[in-house]
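Below is one structure; the comments refer to it alone.
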Amino acid sequence: MRAPSVLTILAAAMLLILVGVPVLFILAQAVFPDFARGSFAGAFSSLEMLTQNDRLLRQAQNTLLLALAVMLGCLIFGLPIGILRGLFRVPGARVWDILFLIPFLIPPFIAAIAWMMTLQPRGYLQQIVGFDLGRFLFSFTGVAFVMTLNLFPVVYFAVSRSLQMVGGRFSMAARVHGAGPLQAFFLITLPLSVPAIAASLLIVFAMSIEEFGTPAALAARTGFEVLVTGIYTRLSDWPIDLSGAATGSVMLMAMVLAAFALQNWVATRRSFVSQTGKPADLNQAELGAWRWPVLGLFMLVALIGVIIPLLAIAATSLTGTISGGLAWANLDTRHYGPLFSQGSKAAQALMTSSGLAVLTALISAMLGGLVAHIVVRGQGRSRTFMDGLSVLPNAIPAIVLAVGIILAWNSPFLPVTLYGTTAILLVAYVGILLPYPIRYAVARLREISETLDDAARVAGASQAQSLRHITLPLMAPSLIASMMLVFAIASRELVASIMLAPAGLRTVGTYVFSQFEQGSVQTGMAMSVIAITITSGILLAANLWLPRIGNSALSG
């Protein structure tokens, strides 16, 4: 059997194990209400709620409206700075990259609480300047605003990396032929980034409709319900309604698959090749007189999206009592002490989350690059099958995918199971986060000319050698960016950890969540500060070192 066939079978098997089997169990539960008890009676009876339950339909409508609003917000926040970062030499560019990764390091429910502490009546904003924005925060617009601040880096990184690889050479060619600067940008440069923009918006859409923490914390006060909060209610309130949760999950899958089809059409209706076999000048243009206005824009986005929530988290962690407010007499470090004690649960949680995040980033990047190569360069139905399968984890909330993993791996028919071990968390993390490196890699691979592979085959290289020595090095910048994204998300993952972590095992997310459940808001914020600081340092080191590997591969 030839090597490509072996790789295709291996990739398909991994996707089926990580994604296909849990989703199959969820679909079976949606069709057969008593499937968890081993009964196939009453097929499709639970689907009656689609026509009889106005609340479910209202939740679906709210989910779509919220996702569209967040996508628009991410374009407003992420697209301008992504374009500037990709095409121009922005001072402190790598520092900005790390800074804009920080929203991924903050669990969404922590960010929501930070904004609550800031904007609510008698919050930090009112204590400092005398007014509050509580009505804005606890509304549809407020929820979309907070979720936008969590997700705009997806667009920023996708656009900046894509345009960085495109560079200004095509625009300069257009200028030589008489095009003006704006004309060259809108007719040449921007269309070349369309696949990356479409891929990033698909990720934003998927993450928006599955996000639980922010809608639960902010929208619940206004009666604005989305599908994911309804699913959580069905899974947490007695009697547990597995069939209702599965039905809601099927609706979410349909939404994401429709978005995926639209994104795929946008990305493939025209062929833009920006990487050929010829050496490319990847030097970025100088900002000149626009240096300070551009820095001002970056600072404004960083202030709103990063600095304000970070200051709110830090201030809360240093507050002796919540009622005492921002007073010098109420500030101390008492909540950090227990976190640094010998053998503390906090230290164990940090080590566990860091190890799982590193392994998840490495495995998902390797598998994602392989799947992307099969999807773009492969032949036949296998690539369509794997492309659709890879997007399924984003089509359902992480908590529901965790239920599918429990049903699949806790089956009495399995001779060996990972359930109840740390490895089950790794399986869940990779399954949940795998779509991100795939989408980034697919968008990048479509920009690389197939003539490079043809030239390698003419020179005597096998397809596997061409993949290893040519295609993967050219994909390295996008894969590295996706690894940092996956690491950031995995290091603070909550929902799957709560559902699947074995007894006695704690991650950063579960530790912080337990502190809030016990009313220790300040201790939870203190743990968040420590985790964000450590993870940011690791990402900064990676951002300074790893791109050199990608650049050397590109120059070679």
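Each reported figure results from applying straightforward, stated rules to the coordinates on display, with no laboratory input. A quick note: this is a predicted structure, and the numbers were derived from the prediction, not measured. Virtual Cβ from ideal backbone geometry, glycine too; neighbours counted across all protein chains shown.
Sorted on the mean count of surrounding Cβ atoms within 10 Å across their residues, most packed first, peptides 202-211, 491-500, 21-30 read 202-211, 491-500, 21-30. Peptides 438-444, 194-200, 304-310, 509-515 ranked from most to least packed, by the mean per-residue count of other Cβ atoms within 10 Å: 438-444, 194-200, 509-515, 304-310.
In order along the range 57-65, phi translates into HN-Hα couplings of 5, 5, 5, 5, 5, 4, 4, 5, 4 Hz, rounded to whole numbers, per the Karplus curve 6.51 cos²θ - 1.76 cosθ + 1.60 with θ = phi - 60° and x for Gly and Pro.
Other residues whose C-beta falls under 13 angstrom from the C-beta of Pro437 contribute a net charge of +3, scoring Lys and Arg +1 and Asp and Glu -1. The Cβ shell under 12 Å around Val204 holds other residues with a net charge of -1, Lys and Arg each +1, Asp and Glu each -1.
Each peptide in 320-327, 253-260 gets a packing score, the mean of other Cβ atoms within 10 Å over its residues, and the list from highest to lowest is 253-260, 320-327.
Look at the alpha carbon pairs under 8 Å that are at least 6 residues apart: their mean separation over the length of the range 309-388 gives a relative contact order of 14 percent.
Here the simple spin-label model places points 7 Å from the Cα toward Cβ, and for Ile240 and Ala254 these points are separated by 2.6 nm. With both labels modelled 7 Å from their Cα along Cα-to-Cβ, the Ala13 to Leu331 distance reads 5.9 nm.
Taking θ as phi - 60° and the Karplus parameters 6.51, -1.76 and 1.60, the scalar couplings of the range 350-367 work out to 4, 5, 5, 5, 5, x, 5, 5, 5, 4, 4, 4, 5, 5, 5, 5, 5, 5 Hz in sequence order, x denoting glycine and proline. If the chain linking Ala43 and Ala261 were pulled fully straight, counting 0.36 nm for each residue of separation and taking away their Cα-Cα distance, it would gain 75.6 nm.
Each residue of the range 432-447 was assigned a 3J(HN,Hα) from its phi angle through the Karplus expression (A = 6.51, B = -1.76, C = 1.60, θ = phi - 60°), giving 6, 9, 4, x, 5, x, 5, 5, 4, 5, 5, 4, 6, 5, 5, 8 Hz with x at Gly and Pro. Distances between placed amide hydrogens fall under 5 Å for Leu331 paired with Gly320, all partners being 5 or more residues away or on another chain.
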